[in-house]
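A.B. asks: Sharing a structure with you now.
The values are calculated or read from the model by the stated rules, or taken from the named source; none is laboratory data. Remember, predicted model here, so these are calculated numbers, not experimental data. As a convention, Cβ positions derive from the backbone with ideal geometry for all residues, glycine included, and neighbour counts pool all protein chains shown. Keep in mind that these areas ignore ligands, DNA and RNA; they rest on the heavy atoms of the full protein, side chains included. Shrake-Rupley method; radii C 1.70, N 1.55, O 1.52, S 1.80 Å.
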Amino acid sequence: MLSERVFCSRQTRKMKVKIRQWNGVASWLWVANDENCGICRMPFNGCCPDCKVPGDDCPLVWGQCSHCFHMHCILKWLNSQQVQQQCPMCRQEWKFKE
Amino acid sequence: MEEMVIETHPTDVSGSATQPGVADAWETVSAALVSAECVVSEQSLSDSLALLCSQGLSQLLGSWLLETLQMRLSSSVVPEFWAGLNQPENELEEKGRAWVLLTAFRTLLHRLEPFLGGLDRLGLWQNEGRGDLCGPGPKGLQDRAFTIIRALLLFSPSPVLQERVLEFYSRTFSVYMNQEGEAEDGAEVPDGPEGGVCPGCGVLTQQCWCQEALEQLQELSHILSKLQLLEWVSSEAVTSILHKLIEQRMEQHCRGEYERSFLLEFQKWLEMVLGWLSKVFASEVHTDSLAPAPSAPSPSGVQAGQSASSVLKQWRCHMHQFFCRIYVNMRIEELFSIIRDFPESKAAIEDLKFCLERTNQRQQLLTSLKSAFESRLLHPGVHTSDILTVYISAIKALRELDPSMVILQVACQPIRKYLRTREDTVRQIVAGLTGDAEGCTDLASELSRGDPVTLEMQDSDEEGNDPEDWTPDPTDAVPDKMGSKHRSSDIISLLVSIYGSKDIFIDEYRAVLADRLLHQLNYNTAREIRNVELLKLRFGESHMHYCEVMLKDMADSRRINSNIREEESRLSEEEQPPLSLSAIILSSEFWPPLKEEKLELPPLVCQAMEAYTHRYEKLKAMRTLSWKLHLGSVTLDVELEDRTLTNLTVSPIHAAIILHFQEKSSWTLEELSMKLGAPKELVHRKLALWQQHGVLREEAGGRYYVVETGSSKEKMERGAMLIDSDEERDSNTTTQSEQREEKLQLFWAYIQAMLTNLDSMTLERIHSMLRMFVATGPVVTEMDVNELEAFLQRKVREHQLLVSAGVYRLPKSN
């Protein structure tokens, strides 16, 4: 603070801008290695076909194979598999990434 | 046979008679027939008659009498009548002219009376069957006589007669109305500044001949009805008088006056006019009943009375018809203004509705209204919101006028067609719906009206309406697939259907909503939530889903912000962020595409944003933020040497510019543009705001300086300068056409894939395929063939597509 004031006076600059509030706009996105869910083909940043609201209400889950899906999509998939639970993309055994 | 005899002169007949007594007898009888007073004794007359009968000559009497009448008419009576009428030229005053008219008819009657008497007598003889006389009787003979009189007298009537009659009737009319309606109309009849003029007859009071005129009218009517000329002479004059007077009265009372109903008033007035008409036409009732014909008193008297009242009845109908027609004519002319003033002009619309049902002028109304719309409304000089306002009024007014909505549908077709060509129509409608438009609050209130009509109306067919209630469409209805059921009068559905698709409106509403939300500083969405709820009622839940997510984003952002704030407040003094940053965090898939603009913000701001992102990532696992640097708003103070500007709310780029000037007091446009990573034109435009505030000034060489000390005088100048402060409320969302373009681009991928597989396709085929494949996504609105064709044509021009004989194919690559 002090140094700045000194700096100011040396430059004989007096204009000072004080920002009271900055309202920014941002969009959130999932940190995922793909754009669309491999199961429902809907964008990750949207939601699965059964959901209305994206984000918290329709989260993504990652498998240990590093593939990710809408949680609702992969659960549906896994429930439909009788024998073995595999990742629909790479056919490895599906395990949730911790 | 008889006709042949008529040709020869009656004296020849008597001359060639064998018995000398026959000639005398003929003389006696014919004299008795044509002279008014009977000189011969009844006895000798009947003797003569008997003699004639015995000679078989009595059959000729009727023919002879009519022949004589005809001769007399053409040789003397008719010329005398016309001469009498024309005689004083135009020298006389009105009163005199009336007198001449009456005298002419008097003479006419006087000349013809003997014949009429003779005919009567002969007819009676025939009736009595005296001396085997037979014939049509007095009625038939008289009818023939009157036909001859009419034919000869009015064969070539000079215009003078009509003129005089018209003048006389007009005068008696005004006299009559003046006497009858003294109490009511007294004030309205212009008395004129020179007092002492009788309002009835228009001359000085001491010379007033009102009473005389009425008496003359009575006599004239009497004469005319006696000669059965009444209808022939008066109808035309009366018709034109009624027309003129109704028109006049309407011009005076009703034109431009829409807020009052005139029907009753006119009804009363017309009743009064009817009183005058009864004087003109019904005089025969009085005379006949007062002095009934001695021979056949009851039948002819009753008949005359009946005919008079039926004549009056007829005239009453005529008069109402005139009234309705004239009223409708006038209102049709004024309909545009009436519509413009609608809720106030309801009375006029109701009157018009009443009258229009009685005249067959719907077509005229439609044509006139359509052309009024076209000439007064649908041109580039009228603002879209004004067109919409008039359209809304028209909907309201015309659904009042014609509950079948056919007029509405047909007349407003041009408006709808025209609105479709205006780019900002949708935006205006949406603005109206959300209550943002200045002028038209109708839409907003219409939206919040209870009992909304859902825009899905397809299932209303099955509504168990009573078949008895069904009424056929008016004949001028536009035949379309939609029955009268679907002819909606709901303002919002009509407006929305201008484009034939709800999606366009919802997209536009989303854009408007996005704009409004992004300009919010305090996450206050109460009003938007209300609007979305109302729209949901109309458009259905599913269509408004995206908007709901947008609103939810706002609520979530607020929560996240307060969360992050709380976290920040726990930090120590040193770690406090240098900038108070809050954010609106969007679910990008659900918001309309936002404008992309490149902008680099000062490091201070970037750091703050990074910190914010960091905190967000901690809050929401596996999610991050992508900042739209150019969006949002900044509240700041600018302290200068001698003044401080406080609480300015500007856009981020404005803030970035002024922050750069804090570092260095002068910049060139190039430097700034480099620093901001934004195009020069944009920066130049944005600099204008600060110039306007008097913070910066531009000097020669394109350098901008901070104005540290601003004299008040300078400020004044700046105030006057008022640089065009660019689109301050610039829309953040991409425009409709840009979005459209993007969508078409999406189609291009499909088209390419189709053509690769199927080699070549016609336009229709491509269109139907696209509809099939791409019908699901929310972004796809209906695309018509023409649009697709235009798009494909462009691709052809860009050599990305080949077309031959209506078949499209991809160019052979490589």
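A.B. asks: Please report how far the C-alpha centroid of the stretch B:207-241 lies from that of the stretch B:512-537, rounded to the nearest whole angstrom.
C.D. replies: Taking the Cα centre of the stretch B:512-537 as reference, the centre of the stretch B:207-241 is 76 Å away.
A.B. asks: My understanding is that a pair violates if its Cα-Cα distance is over 25 Å; which of B:K244/B:K268; B:K620/B:K686; A:K52/B:K598; B:K95/B:K313; A:K97/B:K552; B:K396/B:K552 do that in this structure? Kindly include the intermediate steps, with their values, before the conclusion.
C.D. replies: Details: B:K244/B:K268 18 Å; B:K620/B:K686 36 Å; A:K52/B:K598 32 Å; B:K95/B:K313 31 Å; A:K97/B:K552 29 Å; B:K396/B:K552 37 Å.
Going by Cα-Cα distance, B:K620/B:K686; A:K52/B:K598; B:K95/B:K313; A:K97/B:K552; B:K396/B:K552 fall outside the 25 Å limit.
A.B. asks: Tell me, in nm to one decimal, what length is gained between B:A555 and B:K664 on full extension, where the rule is 0.36 nm per residue of separation less the Cα-Cα distance? Walk me through the numbers before you get to the answer.
C.D. replies: On the way: separation 109, 0.36 × 109 = 39.24 nm, distance 3.98 nm.
Net length gain for the segment: 35.3 nm.
A.B. asks: Which FRET efficiency value, to the nearest 0.05, is calculated for B:S569 and B:K618 with the Förster distance at 22 angstrom and r the Cβ-Cβ distance? Write down the numbers at each step before the final one.
C.D. replies: Values: r = 16 Å, r/R0 = 0.72.
Efficiency, rounded to the nearest 0.05: 0.90.
A.B. asks: Can you pull the accessible area of B:E787 for me, 1.4 Å probe, Å² to the nearest 10?
C.D. replies: 50
A.B. asks: Further, regarding this structure: What dipole magnitude, in Debye to the nearest 20, does chain A give about its Cα centre under +1 on Lys/Arg Cβ and -1 on Asp/Glu Cβ?
C.D. replies: 1020
A.B. asks: Just to check, using Stokes-Einstein with a Kirkwood Rh over alpha carbon pairs, what's the diffusion coefficient of the stretch B:370-421 at 20 °C and 1.002 mPa s in µm²/s?
C.D. replies: Numbers: Rh = 11.1 Å.
Once the numbers are plugged in, D ends up at 194 µm²/s.
A.B. asks: Taking the alpha-carbon distance from B:K812 and a cut-off under 26 Å, which lysines remain once sequence neighbours fewer than 8 residues away in the same chain are dropped?
C.D. replies: B:K743, B:K795
A.B. asks: Which three extents, in whole angstrom, do the alpha-carbon atoms of the stretch B:634-710 cover along their principal axes, largest first?
C.D. replies: In descending order, the Cα extents are 30, 27, 20 Å.
A.B. asks: Arrange the residues B:R765, B:R97 by how much accessible surface each exposes, largest first, with a 1.4 angstrom probe.
C.D. replies: Details: B:R765 110, B:R97 50 Å².
Largest accessible area first, the residues go B:R765, B:R97.
A.B. asks: Working out 0.36 nm times the residue gap between B:R765 and B:E789, then minus their Cα-Cα distance, what length gain in nm do you get to one decimal? Before the final figure, lay out each step's value.
C.D. replies: Numbers: separation 24, 0.36 × 24 = 8.64 nm, distance 1.17 nm.
Extra length from B:R765 to B:E789 when fully extended: 7.5 nm.
A.B. asks: In addition: Using the basic label-point model (7 angstrom from Cα toward the beta carbon), what is the A:D50 to B:R316 distance in nanometres?
C.D. replies: 7.9
A.B. asks: What accessible area, in Å² to the nearest ten, does a 1.4 Å probe give for A:W28?
C.D. replies: Its heavy atoms expose roughly 10 Å² to the probe.
A.B. asks: So how do B:S48, B:S542 rank on accessible area, 1.4 Å probe, biggest first, that is with the largest at the start? Working shown, then result.
C.D. replies: Details: B:S48 15, B:S542 85 Å².
The most accessible residue leads, giving B:S542, B:S48.
A.B. asks: Still on this structure, please answer the following. Pop the C-beta distance of B:T709 and B:E257 into the FRET formula with R0 = 51 Å and round what comes out to the nearest 0.05.
C.D. replies: Working: r = 64 Å, r/R0 = 1.25.
Working from the Cβ atoms, E equals 0.20.
A.B. asks: With a 1.4 Å probe on protein heavy atoms only, work out how much accessible surface B and A bury together, total over both chains, in Å² to the nearest 100.
C.D. replies: Working: alone 42580 and 8080 Å², together 46600 Å².
Adding both sides of the contact gives about 4100 Å².
A.B. asks: When the solvent-accessible surface of protein heavy atoms is calculated with a 1.4 angstrom probe, in what order do B:K502, B:K95 fall, highest first?
C.D. replies: Numbers: B:K502 40, B:K95 75 Å².
Solvent-accessible surface, decreasing: B:K95, B:K502.
A.B. asks: Next question. Peptide B:559-572: average number of partner chain Cβ atoms within 10 Å per residue?
C.D. replies: Working: counts 0, 1, 1, 0, 0, 0, 0, 0, 0, 0, 0, 0, 0, 0.
Across the residues of B:559-572, the mean count of other-chain Cβ atoms within 10 Å is 0.
A.B. asks: Per residue of B:579-589, count partner chain C-beta atoms within 10 Å of its C-beta, then hand back the mean as an integer. The partial results should precede the final answer.
C.D. replies: Working: counts 5, 5, 5, 4, 7, 5, 6, 5, 9, 8, 9.
What the average comes to for B:579-589 is 6.
A.B. asks: Turning to a different aspect of this structure: What figure, in Å² to the nearest 10, do you get for the accessible area of B:K370 with a 1.4 Å probe and non-protein molecules left out?
C.D. replies: Approximately 70 Å² of B:K370 is accessible to the 1.4 Å probe.
A.B. asks: Binning at 10 Å from 0, report for the stretch B:510-619 what percent of all alpha-carbon pair distances ends up in each bin.
C.D. replies: Binned Cα distances yield the sequence 12, 38, 31, 15, 4, 0.
A.B. asks: What net charge is computed for the residues neighbouring B:L802, neighbours being all others with C-beta under 11 Å from the C-beta of B:L802, Lys and Arg scored +1, Asp and Glu -1? Present the calculation step by step, with values, prior to reporting the outcome.
C.D. replies: Numbers: positive: B:K795, B:R809, B:K812; negative: none.
Net charge around B:L802: +3.
A.B. asks: Positive end of the dipole of the stretch B:634-710, charges at C-beta (+1 Lys, Arg; -1 Asp, Glu), about the Cα centre: which of B:G702, B:L682, B:L672 has its Cα farthest in that direction?
C.D. replies: So the residue furthest toward the plus end is B:L682.
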